[in-house]
Structure formats: C-alpha cells, structure tokens
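Reviewing the structure listed below.
None of the figures in this text is laboratory data; all of them are computed from the coordinates on show. As the structure is a prediction and not an experimental result, all values here were calculated from the model. All Cβ positions, glycine included, derive from the backbone under ideal geometry; neighbour counts span all protein chains shown.
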Amino acid sequence: MIFHRKVANGWGANMEDTEKINSLCTFRQPIFDVGDGRPDNFRINGYEILLRKLDEETSFPTDLFKRVIKDDQSNALFLKWLGERLEQIFKVDTYFEYSINLDPQQLTYESTFDFLNKMKVFSSQLTIEITEAIPLKREVDGYFDYSLVPFLKRIKLLGFKLALDDVSSGINSLNMVWRCTKYISRIKLSVLHIEFNDVSLAKKIINLWDNLSKVMNVELVIEGIESREFRDWISKNTDGFQQGYILAYPSKLG
C-alpha cells in the first residue's frame, strides 16, 4: 500500500511551505495485542502513522515539522496533505484502526479542527494521539496543568478515540495524564532509551504505568521495544499492547 502525491500550492500557502510538506512521507507501524504473552500468538491490533522525510526515512523530522506547524496557514496545508493520505488508507483498509499524532501546538489552530471535522467520518478507525511536545507558543496560564483538557473535550465530541503519547515525558506528565483520564482511552509509554541504560529502572517504570492504566481503565501501549528479552519480560508482566522494531519495522505508505 504505497501512495505519494504532491500537494498543490493552495490554501493561501507560499511556495516554501509547499516544498517543505512535499519533502515528507508516511510510514505505518503495527501495534500488537500480546494476548497470552507468547510471541506466536501476538496479533496486530492496529497501526500508527509515522511521519518521515523522503531523504531520511529512519527518524522523525523534528526541525522540519516545527517549521510546518509554525502557524495556522502552514498547518492547514500540512493537514490537507495528511488528510488525503488518510482517505487513501481508509479506501483500502476498512478493518484496522490507525492512529495519528497531533502536536499540542496544533490544537491551538482552528485549521486542526477543520481537519478533524472532515476526518470524523473515519472516527471509528482513527485514534488521535497527543504528543508530549511542549507547544511553541504558550498563551495559557498554567499550561501544563489545564490547557489540554478543553481541546480533548472538543476532539472527543467529534467521536474520536484519544491517546496520550510518551507519558512521563514533556507535557504528558503523570499529573496531566490524571487530569485527562476521562477523555482518553489509551496511553503510550516509550522505553527506547531507558531500556539500554537501566533495565531494572525500566521495569519499575513499566510496572507503575501498567498499574496506573488499570486504575484509570485505559489501554497501555509500550513502545520502543528493541530486544527479545525485554519484549518477553513485558509480555509476561503486563496486560497491554506492544510496538517496536523487534516486533515489526515500519512500512512505507508514501
């Protein structure tokens, strides 16, 4: 399933914004339900859409993405591009659920909610993940404690499932997750860097979030898993979902 179309210059956007967006592409990576914990019984629960650059497909293009979402106009053009790709995906795949990431900065733009209103026809298959990134422009007092809540309420009213990405990092602190509990159905915990530095600490952190997810009645996805030994320990000691290169590499969509 590969599609790559360039976005036409429009929506009041300048040529520089268009060129930036046309240098992007999308991948999908499966999220696995671990079932009884035996790898042979793992099954795909859904996919996360990953954003990459055409000339650098192994990592998220942080600097470029910041420029793409620098204002409402550029954000609108990017989401038009993303929306076209999602429409192509859902034409082909009417079964699996997909998740896309929104940066908290994007939640401050009306173009994001225009996009979500258009995409709500796919809300049964589309989960919105709010990343841990600290917004570029913070105009709300007490941002870290309160500002996500009204945006989550608004998205949930459109019928989407919501997830908080990379909990315990950036804006998605324990305090923020707790405040957002009644609006979210999933949290995601990355162990990518912790695993290689201190396995014992990683296990304690996983146990903490696994217990919290049960108390909050939300799903837990543990991502960034890159060793079989750690995968097996997580499978035996948690009831959640898993995502990582050791399970499956992302595949290019376009």
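Here are some notes:
- Cβ-based exposure ranking for F32, F90, in which fewest neighbours within 10 Å come first: F90, F32
- Which of W209, W81, W178 has the fewest Cβ neighbours within 10 Å, and the rest in rising order: W178, W81, W209
- Dipole of the chain, positive direction: furthest Cα of I187, L136, V218, with charges on the beta-carbon: V218
- In order along region 58-73, the Karplus-derived 3J(HN,Hα) couplings, from 6.51 cos²θ - 1.76 cosθ + 1.60 at θ = phi - 60°, round to 9, 8, 5, x, 3, 5, 5, 5, 4, 6, 5, 9, 5, 8, 4, 5 Hz, and Gly and Pro are given as x.
- Computed over the chain, relative contact order equals 21 percent, with contacts defined as Cα pairs under 8 Å that lie 6+ residues apart.
- Model label zone, K120; criterion: amide N under 15 Å from point 7 Å along Cα-to-beta-carbon; scope region 77-103: none
- Among the GluC sites (Glu not before Pro) within region 36-122, those in coil by DSSP and having at most 16 neighbouring Cβ atoms inside 10 Å are E57.
- Amide H contacts of L102 (H built 1.01 Å from N, in plane; Pro and chain starts excluded): E129, I130, T131 sit under 5 Å, all sequence-distant by 5 or more or on other chains.
- Between D33 and Y95, the modelled labels are 1.3 nm apart [label points 7 Å from Cα along Cα→Cβ].
- Gaussian network model of the chain, Cα within-10 Å springs - most flexible of V121, V218, V34: V121
- Ordered by the count of other Cβ atoms within 10 Å of each Cβ, fewest first, S147, S99, S185 give S185, S147, S99.
- In angstrom, the C-alpha Rg and Dmax of the chain are 17.9, 53.
- Of the residues F122, S74, L50, the one whose Cα sits farthest towards the positive end of the charge dipole of region 48-144 is S74 (charges of +1 on Lys and Arg Cβ, -1 on Asp and Glu Cβ, taken about the Cα centre).
- Residues with amide H under 5 Å from that of V221, placed H, sequence gap 5 or more: I187, K188, L189, F241
- Other residues lying with their Cβ under 14 Å from the Cβ of L164 contribute a combined charge of -2, Lys and Arg counting +1, Asp and Glu -1.
- Given +1 at the Cβ of Lys and Arg, -1 at the Cβ of Asp and Glu and no other charges, the dipole of region 15-252 around its Cα centre is 580 debye to the nearest 20.
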